[in-house]
Number of protein chains: 2
Amino acid sequence: MNKPTPVHPELRDQAHQTRTTSAGWMLQRLACMTETQMQTRLKVHGLKMDHFIVLMALTEKEGASQTEIGEGLRLAGYTVSRALDALEKQGLVERKQDAQSRRTHRVFLTDDGRALMPSIFGIIGDLNKDLLDQLPAEDQQEFLRLLTVLTQAVGSGCG
Amino acid sequence: MNKPTPVHPELRDQAHQTRTTSAGWMLQRLACMTETQMQTRLKVHGLKMDHFIVLMALTEKEGASQTEIGEGLRLAGYTVSRALDALEKQGLVERKQDAQSRRTHRVFLTDDGRALMPSIFGIIGDLNKDLLDQLPAEDQQEFLRLLTVLTQAVGSGCG
DNA sequence: ACACGATACTTGCAATTGCAAATATTGCAA
DNA sequence: TTGCAATATTTGCAATTGCAAGTATCGTGT
């Protein structure tokens, strides 16, 4: 006599099903957990997620303009602007005037910034290893392959 | 003669490698894109991500307390509290006093709330289909299997 | 040369979020 | 029974974020 409310088993089961077996939900969960771990590890170096992404972009193309840094990534212009403010204050990057255009900044890693990157790659390597090690060896390559196909298929946006 | 700055090819290549081939980065990108799509579709119904997650939790266990709703999910107590404020204002849920404890609220979907869920499941189904359809048919089950192994392995946290 | 729309970046302000304190209630122990 | 730590939820406030407007510069057409 402890079921006064009529429940709705079909809906309830569908919700449970969705939460435990849908690709999107699982994807969210995995991404959230790896992001949390990344944030924790980055905090040791005084960095936030956005800052880290900007550093990665700059490592890949030193001397990029702020627009170029944000391009194709999930970062709005003002996010890049404010991330650079912080990174400059930490002495990890520097803005220089573009030779051709006075409204464009060319951004470079400082020596300190470059010196920091190996530790960051170390963190990424560790976390990727931790993640993949949850899969049996024979599945790891397969998972990477599927992720690659998907990320290439979904096109640009969100970094 | 257009390379005045000595660059660092090893770091640059490592950054590129990381951005394009690491599991974590690809995971982030996929999750971000599906989340963005979800947000867009939810906005049609006047819902935000948190609200949707709370509705899912309530569908799975009607009459849950606010603490129970947040439990195991990525939602802090105050997030649940404020999400319920909004959902109650929209008439989708209602807080009732618990019979045993005056400090606990039991939360229920209203008829309107229940009526909304099928469309939401429709959205989730669509998006999951869109995602999986980026993979050849023979890989779709495999991807789901790997995701399932991983989400179960990483344990609780983040929903 | 000058006007005007486009581009690159920055910033004010409002909305959102997270932490930490407040409120209300409970259970347990002295 | 009384006081005190624990639990459940709410809320004030500070930090963060996003939008939209602001500043500066550029390029193009006249």
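The values are calculated or read from the model by the stated rules, or taken from the named source; none is laboratory data. The structure presented is a predicted model; accordingly, all values stated were derived computationally and were not measured. All Cβ positions, even for glycine, are placed from backbone atoms using ideal geometry, and neighbour counts span all protein chains on display.
Of all residues in segment B:72-96 being within 14 Å of chain A (Cβ to nearest Cβ) and more than 9 Å from DNA strand D (Cβ to nearest atom), which is farthest from the chain's Cα centre (by Cα)? So, considering only residues that are within 14 Å of chain A (Cβ to nearest Cβ) and more than 9 Å from DNA strand D (Cβ to nearest atom), the one farthest from the chain's Cα centre (by Cα) is B:LYS96. Here the condition is being farther than 19 Å from A:GLU35 by Cβ, of a type in the set (A, V, I, L, M) and more than 7 Å from every other protein chain (Cβ to nearest Cβ); of A:ALA153, A:ALA137, it holds for A:ALA137 alone. B:LEU135 meets the stated requirement of being assigned to a loop (DSSP other than H, G, I, E, B), closer than 19 Å to A:LEU147 by Cβ and modelled with pLDDT of 95 or more. When you look at A:GLN17, is it under 18 Å from the mean Cα position of the chain (by Cα), closer than 25 Å to B:MET56 by Cβ and surrounded by fewer than 19 Cβ atoms within 10 Å (Cβ to Cβ), yes or no? Spelling it out, it is not the case that A:GLN17 is under 18 Å from the mean Cα position of the chain (by Cα), closer than 25 Å to B:MET56 by Cβ and surrounded by fewer than 19 Cβ atoms within 10 Å (Cβ to Cβ). When B:GLY122 is tested against (1) assigned to a helix (DSSP H, G or I); (2) under 30 Å from A:LEU131 (Cβ atoms); (3) away from DNA strand C (no atom under 15 Å from the Cβ), only condition (2) is not met. The requirement of being within 11 Å of chain A (Cβ to nearest Cβ), of a type outside the set (S, T, N, Q) and over 20 Å from B:MET38 (Cβ atoms) is fulfilled nowhere in segment B:116-129; no residue meets it. For the list (1) touching a residue at least 60 places away in the same chain (Cβ under 8 Å); (2) out of contact with any Leu (no Cβ under 7 Å at 6 or more places or on another chain), I need the number of the one condition that B:SER65 fails. Of everything listed in (1) touching a residue at least 60 places away in the same chain (Cβ under 8 Å); (2) out of contact with any Leu (no Cβ under 7 Å at 6 or more places or on another chain), B:SER65 misses just condition (1). Each residue in segment B:72-99 was checked for being over 25 Å from B:CYS158 (Cα atoms) and within 11 Å of DNA strand C (Cβ to nearest atom), and 3 of them qualify.
If only residues of segment B:22-71 that are under 30 Å from A:GLY155 (Cα atoms), facing chain A (nearest Cβ under 7 Å) and among the β-branched types (Val, Ile, Thr) are counted, the one that is nearest to DNA strand C (Cβ to nearest atom) is B:THR36. Please indicate, with yes or no, whether at least one residue in segment B:104-117 is crowded, with 18+ Cβ neighbours inside 10 Å, among the basic types (Lys, Arg), farther than 30 Å from A:LEU144 by Cα and within 11 Å of DNA strand D (Cβ to nearest atom). The answer is yes, given that some residue of segment B:104-117 is crowded, with 18+ Cβ neighbours inside 10 Å, among the basic types (Lys, Arg), farther than 30 Å from A:LEU144 by Cα and within 11 Å of DNA strand D (Cβ to nearest atom).
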